[in-house]
Each structure stands twice: as C-alpha cells, then as structure tokens.
Amino acid sequence: STMRKRKATDSPRLSTDLSEGKEKLRLKQELGLISGVSLIAGTMIGSGIFMSPEWVLHHMGSPASSLLIWAACGVLAMFGALSYAELGTIIKESGGEYIYILRIFGSFPAFLFAYTSVILVRPAGLAAVCLSFAEYAVAPFYPGCSSPQVVVKCTAAACILLLTIINCLNVRLATSVMNIFTAAKLLALLVIVVGGLVLLAKGQTQSFQNAFQNTTAGIGAVGVAFYQGLWSYDGWNNLNYVTEELKKPEVTLPRAVMIAIPLVTCLYLLVNVSYLAAMTPSELLSSGAVAVTWGDKVLGSWAWLISLSVALSTFGSSNGTFFSGGRVCYIAAREGHMPDILSMAHVRCLTPSPALLFTSAISLIMIISGSFTSIVNFFSFIAWLFYGMTISGLLYLKIKKPELPRSYKVPIIIPIIVLMAAVYLVLAPIIDQPQIEILYIVLFIFSGIILYFPLVRFKCHPRFLQRVTLHLQLFLEVAPTTRD
C-alpha cells in the first residue's frame, strides 16, 4: 500500500530495508563539516552586508559605534548558535525551533511556530532575497535608470524555480551549489577587505578620526540598528534545521558553528572598515548601495565585479534559505502539523520534494502579489519571539533535565544573555515605536488556533483529502519516510 504506516528507526539515512518485507525511506546524511560551514556562512552572507551598513550607521550616528553594533550582532549570533548547538546534541532531529518547541513545550506552540514559519516567514524571506538577487542581476541591462518591476519579478520567479529544480533533484547537487557560491561570495568579500587595507595603508583614515562623534544614545535607535545588523547575520541557526542530514551531528554541529560565525563576523567588520576607508560617513549615508559605490571608487572600470558578486551572494543565500526552509515544512508535516503529503520524499531523488514545491509555490505567490514587504520588515520581531521561546526551553532542560545525555554543553550564562537580548528585541519596537503591523503579525500567529483544534487536536480530516493525498503520491512519485 502506498499509504503505509511510518515506522520509527534508529538511523536517519535514506535506504531500503527488506528484512521486514517493506521498504523504509529515510533522509540521507550527506552534510559534512565543509557543507555545514557553507550552509551557515552561505545563508548568512546574503544582500545584508552589501546594503545594511548605511542603515546601521544612520541609526548609530558614528563609525565607531556602528562597528560596535556589527561586533555585538556577531557575538549575539554566536551565543545563539552555541545554545542551539547544545539543543541539537540533545534533540538530534531536524526542524530547528519547531522540533525543539515541540519536544519541550508541546504540540500547540509548535504548531503556531510551524504555521507562521511555513505560511509566512520562510516564503517571505525567500521571496525577499530572490528579489534582491533579481535587482542586481538585471541592473546592468538598465544603466542609468531603475529596472522595470515586471522584469525584476520575473527574474526572481525564475530564480525560485531554478532553486526548486536543484533542491528537488539531489541533496548533493544543492550542497555543491551552496559550497561553490559560498566560496564565490567569500572571495568577493576578500576583494573588498584587501581593497580597504590598501586604502588604509595609503593613509585614508579620515573616517576614523573622532570616530565616536555624533553617537546616538537612544535605546530605540540602538534597537533598530541591532535589527539592521542582525538581518545580515540571519541564518546562524540554519544547520539545526537539517540535523538528521548531518554526518556525526554531535561533532559536526558545534564545530561548524565555531568556524562559520566567527569567520563571518570578522569579514563583516573588515568589510565595514573598508567601506569607511573608501567613503566618508556622509558619502556612505547617501549611497543607495554601499558595495556598488565602493566598487566605483576603488575598482573603477572593474566595478561591475561587485554587482556580479552581490548577485552571486544573494543567489547562494537564497539556496541556503530554500534548503533549510523546506525542511521545516517537511518535519512539521511528519509530526502531523501539516498535510501528510508534505512529509514524503521522492522515491528516486531522495529529497523532500513536496515540501520544497509547497514552499516554492507560496514564495511565487508573494513575489507576484508584492504584498509581503511590510511583513518582511518585521521579520526580526517574529524570529526573535520564537528564538526567545527556544532558548527558554534550553534553560529549562539545563535546570530541570541535567541528566539528559549531551556531547556539548554551553555555559548557562550564554543562553541567559541570548534570552535577555530576545526579550529586548521583541519589546523594543512595541514600546519605542508601536506600529499596527505588529498587531497584524500577532493576530496572524494566533489565527492558527482556528486550524489547530479541528485539524490537529481532534483530527477532523475530510475523506476527500485522503484521495487527494493518494493521487498526489502517485503523481509526484513520493512515499512516507521513517525517522528517529
């Protein structure tokens, strides 16, 4: 029967077991340390470092204070990732925040997270990054004027479709694309770093004289600057979404975090120093695209390399976002919080193709409608709301369940600091500048209650859904998967 019951197994590898007379489908462990580092760094380095520096400087008022914000964002991302690394060695399942909230707090809050993430946050984030890619990719064809929105949206849609094909075909192909584009964007950032060091050696240090002058001291401004900086660091937790696909996750997860995030933090700081070496603070603030302005000033006729680098960077980041985002949908369906068809894997390609196709479809709708912009602006609010809940779950396990086996332990002060930061980042925009969009987001999150009780709690499933699932299984050539 194609609708056979899923059985628990001890290994998350995708294989067939004929000893019991039936096949068992499992996700492969394809990700090693290099792929893990590439997933974290490749997703973190998107369009943010090429666009956000001017906004951090705008809110902080001085070069030195903006550099402190970038460093603090890196430390916070590192602390959060180390906390997640311990969770990943206790709960060795894919799904990130979703699976941790489910195992610690139960079904209802986990469903609200999955509902919000699968329907809104992940597709909107993917659509936004693909639109950034499209802006830079088509810009050279429209010199001296803004690109037509139809062309930009069609290019972004083509990017999502290409990513869907890559990720549905083969996990190894997707990770190879991730590794290649991560190497390309690291090379681009190194070009900017080396260019800045050359400028500093030539004595262009005027931006660093009286570097703390005009620093903003307001709590609200600092919070907004943190949001801008943390957008560039987003992706620090992506490896936790694919834990079951890691080789030796208890070793690979902490090591990948300890390599990737300090690497990205150092690069971000050096790139910001390079920007400030090439431009005065006022020039940086008036720049529409900091990296492009830097390229015009430093590289001259080779400035097109920067536009190409940003396009490559955003495409690689889109791939990482898509790779991990599809897994949230897949894991939530496997736990009964999404339709069964989304928990299945292709019988030959061995990828969670229905979940990837669903994420792709929602992202395409958001690109076509263009109505997701205000939601993306409050991405950090939603993200840190659930980050805080997840970190509080780790603190609960450390205090109440110290006997649980774990190969890696983070000092308790680190998750406490992350939790305090999460509370601040959630409350700061509400207290300082309350906006109606935040209310809309909260209402959307709790609208999941309408679906949870009939569909999940009381399992009121219309009979026609079973027939639809069966036909989709046959059409997509997918089957249920086993898990730990």
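Remarks
- Among the residues of the range 216-237, at least one is within 17 Å of the chain's Cα centre (by Cα) and on the phi > 0 side of the Ramachandran plot.
- Leu276 being surrounded by 19 or more Cβ atoms within 10 Å (Cβ to Cβ), assigned to a helix (DSSP H, G or I) and of a type in the set (A, V, I, L, M, F, W, C): yes
- Lone unmet requirement of (1) modelled with pLDDT under 85; (2) in contact with a Phe, Trp or Tyr (Cβ under 6 Å, 6 or more places away or on another chain); (3) open to solvent by 10 Å² or more (accessible area, probe 1.4 Å) for Ala64: (1)
- In the range 391-420, the residues that are over 17 Å from Leu76 (Cβ atoms) form Cβ pairs under 7 Å with partners that are small (Gly, Ala, Ser) and surrounded by 16 or more Cβ atoms within 10 Å (Cβ to Cβ), at six or more places apart or across chains, as follows: Tyr408/Ala85.
- All positions within the range 312-337 that are open to solvent by less than 30 Å² (accessible area, probe 1.4 Å) and either outside any helix (DSSP H, G or I) or touching a strand residue (DSSP E or B) at 6+ places or on another chain (Cβ under 7 Å) (or both): Arg334, His337
- Residue tally, condition farther than 22 Å from Leu350 by Cα and touching a residue at least 40 places away in the same chain (Cβ under 8 Å), over the range 150-179: 4
- Qualifying positions in the range 154-212 - open to solvent by less than 70 Å² (accessible area, probe 1.4 Å), among the polar types (S, T, N, Q) and closer than 16 Å to Ser274 by Cα: Gln204, Thr205, Ser207
- If you filter the range 87-109 down to residues that are open to solvent by less than 10 Å² (accessible area, probe 1.4 Å) and among the hydroxyl-bearing types (Ser, Thr, Tyr), you find that the one that is nearest to Asn240 (Cα to Cα) is Ser94.
- Matching residues in the range 124-148 - criterion: being in contact with a helix residue (DSSP H, G or I) (Cβ under 7 Å, 6 or more places away or on another chain) and either among the charged types (D, E, K, R) or open to solvent by 50 Å² or more (accessible area, probe 1.4 Å) (or both): Glu135, Pro140
- Failed item in (1) open to solvent by 20 Å² or more (accessible area, probe 1.4 Å); (2) without any contact (Cβ under 8 Å) to a residue 40 or more places away in the chain; (3) part of a helix (DSSP H, G or I), with Val224 passing the rest: (2)
- Residue check for Glu250: out of contact with any helix residue (DSSP H, G or I) (no Cβ under 6 Å at 6 or more places or on another chain), assigned to a helix (DSSP H, G or I) and more than 22 Å from Thr321 (Cβ to Cβ): no
- Top-ranked residue of the range 32-54 - restricted to ones that are small (Gly, Ala, Ser) and assigned to a loop (DSSP other than H, G, I, E, B), ranked as surrounded by the most Cβ atoms within 10 Å (Cβ to Cβ): Gly46
- Cβ separations smaller than 6 Å between residues 6+ apart or across chains give the following pairs from the range 427-452 residues that are in contact (Cβ under 8 Å) with a residue 24 or more places away in the chain to residues that are among the aromatic types (Phe, Trp, Tyr): Glu437/Phe378; Ile441/Phe378; Gly448/Tyr115; Tyr452/Phe111.
- Options Leu57, Leu68: the member that is without any contact (Cβ under 8 Å) to a residue 40 or more places away in the chain and over 21 Å from the mean Cα position of the chain (by Cα): Leu68
- Considering only residues in the range 287-311 that are open to solvent by 60 Å² or more (accessible area, probe 1.4 Å) and of a type in the set (Phe, Trp, Tyr), the one that is nearest to Phe133 (Cα to Cα) turns out to be Trp304.
The values are calculated or read from the model by the stated rules, or taken from the named source; none is laboratory data. From a predicted model like this one, the values you see are computed outputs, not experimental measurements. Heads up, the Cβs are rebuilt from the backbone with ideal geometry, glycines too, and the neighbour counts pull from every protein chain shown. For accessibility, only protein heavy atoms count, side chains too; no ligands or nucleic acids. Shrake-Rupley method; radii C 1.70, N 1.55, O 1.52, S 1.80 Å.
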